[in-house]
Each structure stands twice: as C-alpha cells, then as structure tokens.
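Peer 1: This is the structure I have questions about; it appears just below.
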Amino acid sequence: MLVVMQSHATEEQVRAVCDRIESLGLKAHPIPGSGRTAIGITGNNGAVDLGVLESMAGVIECIPVTKPYKLVSRDVKEDDTVVRIPTPSGGVLVGGGHLAMVAGPCAVETEEQCLAIAERLKSTGVRLFRGGAYKPRTSPYSFQGLGLSGLKILAKVRKQFGFGIITEAIDNESLDLVEEYADVIQIGARNMQNFSLLRRAGRAKLPVLLKRGMSATLDEFLMAAEYILSEGNYNVMLCERGVRTFSDFSRNTLDLTVVPAVKKRSHLPILVDPSHGTGKRHKVLPLSLAAAAVGADGLLVEVHHQPEKALSDGMQSILPEEFATLIAEVRQIASVVHREVN
Ligand code: PEP
Ligand code: MN
C-alpha cells in the first residue's frame, strides 16, 4: 500500500500519517520524491483499511502496490535512488547519472599486497576500494580470508589513501565488524537469500551492495533487496555478477539484460561485476564497456598487482595499468549514455 501526499503537504502532515499507520501496527516508510512524498506501508498481511488514511490532511490518495516487492519498486519511488558513499576524500555518488568505479583484489591477503594495489589504484582516479576480509569459498580448504585483521588492513588503506572501503559480510557476526571498519557492506551472491543477514543489513547504518545470487530470478533479486529496505535501510545498491547457464566458455554468464530490466522496475542503482561475471581477465574490459553502455550505475572490478600469485580469483583479476585503461574507455562510453564517472 502506498499513501501519496500532496506536493505542498507539510512535514507535520506526513508525520501524522506515519503515526496513524504505526498505530495500526504497521510500518511506515516515508519516501521523499522530487515533487511529493509518498509513504510506503509494510507489515500488512491483508488489505489495509484505506478510509482512515485517505481522509487525513495532506493525502491525495492511497493506492495498492500489486507487485510482490514494494519499497524497491518504481511505483513507490519514481526518481532514481542516489546512494552517497562517504569517503575521507568526499562522497562518491552511485545512481541517477553517476557511474561509480570500484576496484581492488578479490581477497585481502597481506598488508603489503593491499597497500601495493591501493597505491597503484590511487593514480587511476578510482575512489572506492573493495577487498574481501571474509571470503565465502566453495571449498573449506581454500583461503577463507584474514577476518578481523583483514578489516584492519582495509582501514589502513582508507586512512593512507582516502579510499571508501567496500567489503563483504558473510554472517551476522562479521557484519557487526564490517560495520565498524568499512563504508559499504557487501552481501555476496551465496548469501543473497540469507534472510537473517539481509534483515541485519537492513538495520545497519552503512549502504549495502547486494550481489545477485548465481541462479536468482529478477523477482528473487528484488525481493532480497526488499528485505533490507523493509528494515529501514534504503541505501541499497544491486550488483549483477553473472548467472549459471549451460554456457561453458566463461565462469558465469553476465546477464547485462538485467540492468534495463531493474531500471524499469526499481529506483535502486545497479552495478555490474564483469570479473565474476566472466571469470576471465581478457573479457573484463569489453564487458565493462558493454555494462556502461546498457546503463550500469557502477562497475566492480577485481584488480591485483600480481594476479598469478593471488590467493583467490587471479584468473579474472586485471593489472592496475589495465584498470587505468578501463576507466578511460568507460568514461568515453559513459558520456554517450549521459553518465558521469566517479
Ligand atoms: C566477491 O565479490 O569476491 C565474491 C565472492 O563475489 P560473488 O559473491 O559475486 O561470488
Ligand atoms: Mn572474487
């Protein structure tokens, strides 16, 4: 259910409608738009009695939201959501015409490794650094990440180079720590439907980067995001990272068609990860350009200064110099589709 307020409705009127919704045992989500505020209602298992809300001051109308997802839907919020990621060197905007570049190694391996990569990346102009301190690995015998000491290394990268830090939380316990050390919480493909983790991320203060599950439908992807918004965290960025298909020449099939499909249905920004999406170094540049061309709001690229020595995902990691070329070329495509790279 959605309550649409008049464009000149006052803050008090919006507050009064929210209070009334909450008094009915439901949750109110005021969503300011460029022209007017709408108030999404969640927590209702059946139809809500509209009469009481429709007659309140400042209300235009109450409309049922028929889609299974509500708060992530464009029906509820027409304007693109722009997520602002605070970094020590100023905020980075994602969405609404702002294409954000994110780079870094798959895993935080050592302090020397991270600082070496960060130093090389700094000169490319990228402002968001991503590396995993907690790694969800297929095999329990593979490198699992450094955990808390990895987060401390990432904090050092932020301090020394001014990057905003994105890193993955794999369970509620690691999310508590990621929240303390990072600027964005990543939820990985394998956890896209870990509902208790999604709810915990919904109560976090940081923006969330939610990766698409490797066999998730678009509805499942958007419903996963809905879990986060329903808890009150509206700063959610989606990320396409390839899905499993019969195609056997790449690690995953990067589903770029999902980008315009998401944009039609949702106001949330969507980034593309061409590294996991292809699994092959030589495919990262062309697919990055393609992602920018279809309207991605950001790119997440794995970069390593010594990919042959990487403890995870070396095959799909590009060199910092290659990333510099990639940014320059993405900038050209972005300008054609009216996006500003940051
Ligand atoms: C990652 O981002 O390093 C990662 C593990 O990705 P995904 O969750 O998409 O597999
Ligand atoms: Mn990886």
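Peer 1: Scan the range 234-247 for residues that are under 12 Å from the mean Cα position of the chain (by Cα) and away from ligand 2 (no atom under 16 Å from the Cβ) and jot them down.
Peer 2: Once the filter is applied, which keeps residues that are under 12 Å from the mean Cα position of the chain (by Cα) and away from ligand 2 (no atom under 16 Å from the Cβ), the range 234-247 yields 234, 235, 236, 237, 238.
Peer 1: Also, I was wondering about something else. Mind telling me which of the residues 179, 168, 173 ends up being among the acidic types (Asp, Glu) and open to solvent by 60 Å² or more (accessible area, probe 1.4 Å)?
Peer 2: On the way: 179 fails: open to solvent by 60 Å² or more (accessible area, probe 1.4 Å); 168 fails: open to solvent by 60 Å² or more (accessible area, probe 1.4 Å).
That would be 173, the only listed residue that is among the acidic types (Asp, Glu) and open to solvent by 60 Å² or more (accessible area, probe 1.4 Å).
Peer 1: Which of the residues belonging to the range 17-28 are open to solvent by less than 40 Å² (accessible area, probe 1.4 Å) and farther than 13 Å from residue 6 by Cα?
Peer 2: Scanning the range 17-28 gives 18, 21, 26, 28.
Peer 1: What is the one condition in (1) in contact with a Pro (Cβ under 8 Å, 6 or more places away or on another chain); (2) open to solvent by 20 Å² or more (accessible area, probe 1.4 Å); (3) at pLDDT 95 or above that residue 47 does not satisfy?
Peer 2: (3)
Peer 1: In the set 224, 155, 216, which member is open to solvent by less than 50 Å² (accessible area, probe 1.4 Å) and in a loop (DSSP other than H, G, I, E, B)? If you could, list the steps in order and put the result at the bottom.
Peer 2: Numbers: 224 fails: in a loop (DSSP other than H, G, I, E, B); 155 fails: in a loop (DSSP other than H, G, I, E, B).
After ruling out the rest, the residue left standing is 216.
Peer 1: I would also like to ask the following. Looking at this structure, is residue 288 within 16 Å of ligand 1 (Cβ to nearest atom), open to solvent by less than 20 Å² (accessible area, probe 1.4 Å) and either over 16 Å from the mean Cα position of the chain (by Cα) or under 17 Å from residue 213 (Cβ atoms) (or both)?
Peer 2: Considered against the rule, which asks whether it is within 16 Å of ligand 1 (Cβ to nearest atom), open to solvent by less than 20 Å² (accessible area, probe 1.4 Å) and either over 16 Å from the mean Cα position of the chain (by Cα) or under 17 Å from residue 213 (Cβ atoms) (or both), residue 288 comes out as yes.
Peer 1: In addition: Of (1) within 16 Å of ligand 1 (Cβ to nearest atom); (2) exposed (fewer than 15 other Cβ atoms within 10 Å of the Cβ); (3) under 24 Å from residue 86 (Cβ atoms), residue 104 satisfies all except one. Which?
Peer 2: Only one criterion is unmet by residue 104, namely (2).
Peer 1: Could you please let me know if residue 186 is within 16 Å of ligand 2 (Cβ to nearest atom), out of contact with any Pro (no Cβ under 7 Å at 6 or more places or on another chain) and closer than 29 Å to residue 266 by Cβ?
Peer 2: In short, yes.
Peer 1: Out of curiosity, is residue 105 in contact (Cβ under 8 Å) with a residue 24 or more places away in the chain and either within 16 Å of ligand 2 (Cβ to nearest atom) or under 20 Å from residue 239 (Cα atoms) (or both)?
Peer 2: Taking the combined requirement at face value, the residue satisfies it.
Peer 1: Filter the range 60-91 down to the residues that are outside any loop (DSSP other than H, G, I, E, B), touching a Leu at 6+ places or on another chain (Cβ under 6 Å) and of a type in the set (A, V, I, L, M, F, W, C), then identify the one that is surrounded by the fewest Cβ atoms within 10 Å (Cβ to Cβ).
Peer 2: Per the stated criteria, the residue is 63.
Peer 1: For the range 268-301, give me the residue count where each residue is away from ligand 2 (no atom under 16 Å from the Cβ), more than 16 Å from residue 102 (Cα to Cα) and assigned to a helix (DSSP H, G or I).
Peer 2: Qualifying residue count for the region: 4.
Peer 1: Quick check: is even one residue across the range 52-62 closer than 20 Å to residue 237 by Cβ and modelled with pLDDT under 95?
Peer 2: Taking every residue of the range 52-62 in turn, none turns out to be closer than 20 Å to residue 237 by Cβ and modelled with pLDDT under 95.
Peer 1: Moving to a separate point now. So for the range 85-102 (the condition being within 16 Å of ligand 2 (Cβ to nearest atom) and over 30 Å from residue 36 (Cβ atoms)), does at least one residue qualify?
Peer 2: Within the range 85-102, one or more residues are within 16 Å of ligand 2 (Cβ to nearest atom) and over 30 Å from residue 36 (Cβ atoms).
Peer 1: Restricting to the range 190-203, and then to whatever is open to solvent by less than 10 Å² (accessible area, probe 1.4 Å) and either of a type in the set (Gly, Ala, Ser) or under 19 Å from residue 131 (Cβ atoms) (or both), can you tell me which residue is farthest from ligand 2 (Cβ to nearest atom)?
Peer 2: As a first pass, look at the range 190-203 and keep what is open to solvent by less than 10 Å² (accessible area, probe 1.4 Å): 192, 197-198, 201-202.
Filter once more, keeping what is either of a type in the set (Gly, Ala, Ser) or under 19 Å from residue 131 (Cβ atoms) (or both): 201-202.
Values: 201: 20, 202: 25 Å.
So the residue we want is 202.
Peer 1: Further question: If I filter the range 307-336 down to residues being polar (S, T, N, Q) and in contact (Cβ under 8 Å) with a residue 24 or more places away in the chain, which single residue comes out as farthest from ligand 1 (Cβ to nearest atom)?
Peer 2: 325
Peer 1: Moving to a separate point now. Can you go through 41, 31 and tell me which one is surrounded by 23 or more Cβ atoms within 10 Å (Cβ to Cβ), at pLDDT below 95 and assigned to a strand (DSSP E or B)?
Peer 2: Selected residue: 41, the only one of 41, 31 that is surrounded by 23 or more Cβ atoms within 10 Å (Cβ to Cβ), at pLDDT below 95 and assigned to a strand (DSSP E or B).
The values are calculated or read from the model by the stated rules, or taken from the named source; none is laboratory data. Only a predicted model underlies this, so the values are computations on that prediction, with no experimental measurement involved. Counting neighbours? That spans all protein chains shown, and the Cβs are built from the backbone with ideal geometry, glycine included. Note: accessible area is taken over every heavy atom of the protein model, side chains too, but ligands, DNA and RNA are not part of it. Shrake-Rupley method; radii C 1.70, N 1.55, O 1.52, S 1.80 Å.
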